[in-house]
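What follows is a short report on a single structure.
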Amino acid sequence: ALPPAACVALAERCLAVGLRSFSPAEVCGAADAFARQAFVHDAFVAAALERMHRGAVLRTPPAALHAWVRALVVKRVPVPGDHLEACLAALSNSRRGFVAS
C-alpha cells in the first residue's frame, strides 16, 4: 500500500494537470487505484464525477466502467441517481454488444 501522503500527492498532481487531459478510462483507473488504497480525496472525486459525464460514460470500455462503479461503491461516494443509471445502462448494454446513445 502507498503511504497516504503519496496518494494525496498523486491526486493533487492529477488535479493540477486537469482530469480533462485524461481519458475516461484513465480516470476510472485512477479512482479504482485510490479505492484499492482505501483513499478518498474529495476534490479528486468531485472532478472525476464531473469528468465522467454521460458522453464519457458511453465511451468508456466496460472493464474501466466496472472499475469506476466499484470505486464509487467501495468508497461510498454519494452519486447522482442519473449518473449511476447511465453507468449501469452502459454496462448492461455492453453485454448485448452495443451501447445506447
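Any read-out appearing in this document is the output of simple, stated calculations on the displayed coordinates, not a laboratory observation. Predicted model only: the values in this text are computed from it and were never measured. Backbone-built Cβ (ideal geometry, glycine too); neighbour counts: all protein chains shown.
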- request: At 7 Å along the Cα-to-beta-carbon direction for both residue 17 and residue 75, put a label point, then send me their distance in nm to one decimal.
  value: 1.6
- prompt: Beyond 13 Å, what percent of the Cα pairs of region 24-68 remain?
  reply: 50
field: For the chain, fraction of C-alpha pairs farther apart than 17 Å, in %
entry: 48
Cα-centre dipole for the chain with unit charges at Cβ (Lys and Arg positive, Asp and Glu negative), debye to 20: 240
- request: Could you tell me how many degrees, from 0 to 90 and to the nearest 10, lie between the Cα long axis of helix 62-74 and the main elongation axis, the longest principal axis, of the Cα atoms of the chain?
  value: 50
message: Compute the angle between helix 81-94 and the longest alpha-carbon principal axis of the chain, please, reported from 0 to 90 degrees and rounded to the nearest 10.
response: 60
statement: Per GNM of the chain with C-alpha springs under 10 angstrom, the most fluctuating residue out of 91, 65, 15 is 15
